[in-house]
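Student: Following this message is one structure expressed as structure tokens.
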Amino acid sequence: MKFVTAEQNGKIFVGMVDEEQNVVINIQTAEYVMNGEATLPHSLLECIALGEVFIEKAQKIKQWTETHFSDEYICPFSNIRLLAPIPRPTKNIFCVGKNYVEHALELGSDSDIPEHIMLFSKVPTTVVGPEAVVLNHQHVTNELDYEGELAVVIGKKGKGIRKEEALDYVFGYTIVNDITARDLQERHKQFLLGKSLDTSCPMGPWIVHKSSIPNPNQLNIETKVNGETRQKANTEQFIFNVETIISTISQGMTLEPGDIIATGTPAGVGKGMNPPRFLKPGDVIEVTIEGIGTLRNEIEK
Ligand code: MG
């Protein structure tokens, strides 16, 4: 099950991808036509907060549309624009730093391999969708960089979550590109400014429900810039796996439905190269994760 937030004729809706037909089902409209009433909320964030009820309803709606076709609620991808699945998260995006050994080493030395989870955040205004243009910010940075990452979307409120039960708190998974201004990241010591420029968190193209990804700690991940592979790894190389990340964050902080955690980037960022290769206007970045898809964005020309 893949859930999207999409726009058609100026209207934003929650959709479900029908992979066989290669279309998106507008589940709110479909529910209304099916039942004569619309019970689902109008944002994916609110749908996620409904918990299992949402999944049950979505499955029923999808099943019904298999025998009831209508342009009213079945949309070809060519007629819609995908937005970030959660276009405006309710809080900052949690980001894990240096969660792959090779990446920690490319930016430093052995002493940069973290003993404890390193955590920072990106503000909600950073989020943009698949295919969205990422501003080049040339007036504030000369060192714009990419970071392809698996992102976890929380589905259930929890605190003090144990590792063994951590995946029960997940709604699903998506892709983020943790775009970073390296010069700002360094100059201002704390990461917030260098990580939170407008449009610096491309996200999507959809959230894959956890039922389709039984083990998030074993997924191939690859980032290409203008078709050239820059990052290629597997999440089995995480220093801290998804369960450990969720458990650690939640010990003293409540996690809530719709919270997003970017799990860290593998080796191969622009800054790690010799000489460094930062992003230029017009560059196209594609992040692909096994079982999820590809997130593609272009830097403003
Ligand atoms: Mg990152």
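Student: Taking the condition in a strand (DSSP E or B), within 14 Å of the ligand (Cβ to nearest atom) and open to solvent by less than 60 Å² (accessible area, probe 1.4 Å), does Val287 pass?
Tutor: yes
Student: Further question: Any residue at all in segment 100-107 that's on the phi < 0 side of the Ramachandran plot, open to solvent by 30 Å² or more (accessible area, probe 1.4 Å) and free of Cβ contacts under 8 Å to residues at least 12 places away in the same chain?
Tutor: For segment 100-107, residues on the phi < 0 side of the Ramachandran plot, open to solvent by 30 Å² or more (accessible area, probe 1.4 Å) and free of Cβ contacts under 8 Å to residues at least 12 places away in the same chain: absent.
Student: Right, here's the next one. Please work out which residue is surrounded by the fewest Cβ atoms within 10 Å (Cβ to Cβ), limiting yourself to segment 131-163 and to residues that are more than 16 Å from the ligand (Cβ to nearest atom) and within 21 Å of Glu46 (Cβ to Cβ).
Tutor: Filtering first and then ranking leaves Lys157.
Student: List the strands (runs of 3 or more DSSP E) inside segment 106-225, counting only whole elements, that have at least 2 residues being aromatic (Phe, Trp, Tyr).
Tutor: Strands (runs of 3 or more DSSP E) meeting the threshold: 170-177.
Student: Would you be able to say whether some residue in segment 222-241 is within 25 Å of Met16 (Cβ to Cβ), assigned by TED's automatic domain parsing to the domain that holds Phe120 and of a type outside the set (Ser, Thr, Tyr)?
Tutor: Checked against the condition, which is being within 25 Å of Met16 (Cβ to Cβ), assigned by TED's automatic domain parsing to the domain that holds Phe120 and of a type outside the set (Ser, Thr, Tyr), segment 222-241 yields no hits at all.
Student: Can you tell me which residue within segment 247-284, out of those that are small (Gly, Ala, Ser), within 14 Å of the ligand (Cβ to nearest atom) and within 18 Å of the chain's Cα centre (by Cα), is farthest from Leu50 (Cα to Cα)?
Tutor: Gly264
Student: Further, regarding this structure: Pull out all pairs, ordered by first then second residue, where Cβ-Cβ is under 9 Å, the residues are six or more apart or on different chains, the first lies in segment 181-194 and is in contact (Cβ under 8 Å) with a residue 24 or more places away in the chain, and the second is open to solvent by 50 Å² or more (accessible area, probe 1.4 Å) and of a type in the set (A, V, I, L, M).
Tutor: Partner pairs satisfying both residue conditions: Ala181/Val140; Ala181/Leu193; Asp183/Val140; Leu184/Val140; Leu184/Leu193.
Student: Considering only segment 226-263, state which residues are over 23 Å from Ile86 (Cβ atoms) and in a helix (DSSP H, G or I).
Tutor: Selection gives Glu236, Gln237, Thr244.
Student: Moving on to the next point. Go through segment 167-192 and give me each residue that's open to solvent by less than 50 Å² (accessible area, probe 1.4 Å) and within 13 Å of the ligand (Cβ to nearest atom).
Tutor: Answer for segment 167-192, where residues must be open to solvent by less than 50 Å² (accessible area, probe 1.4 Å) and within 13 Å of the ligand (Cβ to nearest atom): Ile175, Val176, Asn177, Asp178, Ile179, Thr180, Ala181, Arg182, Gln185.
Student: Of the residues Ile86, Ile93, Ile74, Ile80, which single one is open to solvent by less than 50 Å² (accessible area, probe 1.4 Å), within 16 Å of the chain's Cα centre (by Cα), more than 16 Å from the ligand (Cβ to nearest atom) and not acidic (Asp, Glu)?
Tutor: Ile86
The values are calculated or read from the model by the stated rules, or taken from the named source; none is laboratory data. All values derive from a computational prediction rather than experimental measurement. Backbone-built Cβ (ideal geometry, glycine too); neighbour counts: all protein chains shown. Side chains included, ligands, DNA and RNA excluded: accessible areas come from the protein's heavy atoms. Shrake-Rupley method; radii C 1.70, N 1.55, O 1.52, S 1.80 Å.
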